[in-house]
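To keep things clear, I will list the structure first and then write my remarks on it.
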Amino acid sequence: MSILKLLYFPNKKLRNIAKSIKNINNDVKLLGNNMLKIMYSYNGIGLAATQIGINKRIIVIDITKKKNNPIILINPKIIKFNKLKINSKEGCLSIPIKQKYFVLRFNEIRVQAKNLMNEIIEIKASNLLSFCIQHEIDHLNGILFIDYLSNLKYQRIYDKINKINHKIMFLKKQNHIK
Ligand code: ZN
């Protein structure tokens, strides 16, 4: 558990394309539950395995943050979508800046996946849940929400994160932390 760490942009592993999960065994169940713990600890509403450096198609979501009905989706696939796209205001645990940005997402989708019980499930999602599922499936395909922004905005975010990283490096040097 403690070795699972959140990766931050521009870590190259965030660009990996995750592989399908063939057997939903105890390791996968443990991974799903650990992902939920990590997501809640960062106060997030969604997390993809890619974000913790694990190259498997599994995402966890809880848009209420209430912990009583989280969703764990294995090999999720959008099988139907309403063509209407609307603006979704997004942030990402792997892109630790305060500002949120608008990206266009399908408003309504139907998703097929497997759950931890190895059952095929279908979810009809709209609004925030729909946006969140699309955002997390994008992670499994190595796509970040900032990829949808203009080059200028992307560069600004890159620079901001670089500054944060430099600050951390500087503090580490000062404190002789390796
Ligand atoms: Zn994200």
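The values are calculated or read from the model by the stated rules, or taken from the named source; none is laboratory data. Please read these numbers as outputs of a predicted model, since none were measured by experiment. All Cβ positions, even for glycine, are placed from backbone atoms using ideal geometry, and neighbour counts span all protein chains on display. Surface areas here come from the heavy atoms of the whole protein model, side chains and all, with no ligands, DNA or RNA. Shrake-Rupley method; radii C 1.70, N 1.55, O 1.52, S 1.80 Å.
Here is a yes/no grid of residues against (1) among the aromatic types (Phe, Trp, Tyr); (2) over 16 Å from ILE123 (Cβ atoms); (3) within 15 Å of the ligand (Cβ to nearest atom):
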{"residue": "LEU4", "(1), (2), (3)": "no, yes, no"}
{"residue": "ILE21", "(1), (2), (3)": "no, yes, no"}
{"residue": "MET35", "(1), (2), (3)": "no, yes, yes"}
{"residue": "ILE63", "(1), (2), (3)": "no, no, yes"}
{"residue": "LYS67", "(1), (2), (3)": "no, yes, no"}
{"residue": "ASN75", "(1), (2), (3)": "no, no, no"}
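Can you find a residue in segment 107-125 that is open to solvent by less than 10 Å² (accessible area, probe 1.4 Å), out of contact with any Phe, Trp or Tyr (no Cβ under 7 Å at 6 or more places or on another chain) and closer than 17 Å to ILE21 by Cα? Can you show your working first?
Applying the first criterion (open to solvent by less than 10 Å² (accessible area, probe 1.4 Å)) to segment 107-125 yields 109, 111, 113, 125.
Still in the list and also out of contact with any Phe, Trp or Tyr (no Cβ under 7 Å at 6 or more places or on another chain): 111, 113, 125.
If we keep only those that are closer than 17 Å to ILE21 by Cα as well, we get 111, 113.
Yes: segment 107-125 contains one or more residues that are open to solvent by less than 10 Å² (accessible area, probe 1.4 Å), out of contact with any Phe, Trp or Tyr (no Cβ under 7 Å at 6 or more places or on another chain) and closer than 17 Å to ILE21 by Cα.
How do the pairs read when you match residues in segment 117-146 that are free of Cβ contacts under 8 Å to residues at least 24 places away in the same chain and more than 10 Å from the ligand (Cβ to nearest atom) with residues anywhere that are among the acidic types (Asp, Glu) and outside any loop (DSSP other than H, G, I, E, B), using Cβ under 8 Å and keeping only pairs 6 or more apart or on different chains?
LYS124/GLU108; ALA125/GLU108; SER126/GLU108
Out of segment 40-61, which residues are under 14 Å from ASN16 (Cα atoms) and either near the ligand (Cβ under 10 Å from one of its atoms) or hydrophobic (A, V, I, L, M, F, W, C) (or both)?
Once the filter is applied, which keeps residues that are under 14 Å from ASN16 (Cα atoms) and either near the ligand (Cβ under 10 Å from one of its atoms) or hydrophobic (A, V, I, L, M, F, W, C) (or both), segment 40-61 yields ALA48, ALA49, THR50, GLN51, ILE52, ILE54, ILE58.
Inspect all residues belonging to segment 82-95 and state whether any of them is touching an Asp or Glu at 6+ places or on another chain (Cβ under 8 Å), open to solvent by less than 80 Å² (accessible area, probe 1.4 Å), within 20 Å of SER126 (Cα to Cα) and in a strand (DSSP E or B). Working first, answer last.
Our first condition is that a residue be touching an Asp or Glu at 6+ places or on another chain (Cβ under 8 Å); within segment 82-95, this holds for 82, 84.
Next cut, open to solvent by less than 80 Å² (accessible area, probe 1.4 Å) only: 82.
The next check asks that each one be within 20 Å of SER126 (Cα to Cα); those that pass are 82.
Still in the running and in a strand (DSSP E or B): none.
Checked against the condition, which is being touching an Asp or Glu at 6+ places or on another chain (Cβ under 8 Å), open to solvent by less than 80 Å² (accessible area, probe 1.4 Å), within 20 Å of SER126 (Cα to Cα) and in a strand (DSSP E or B), segment 82-95 yields no hits at all.
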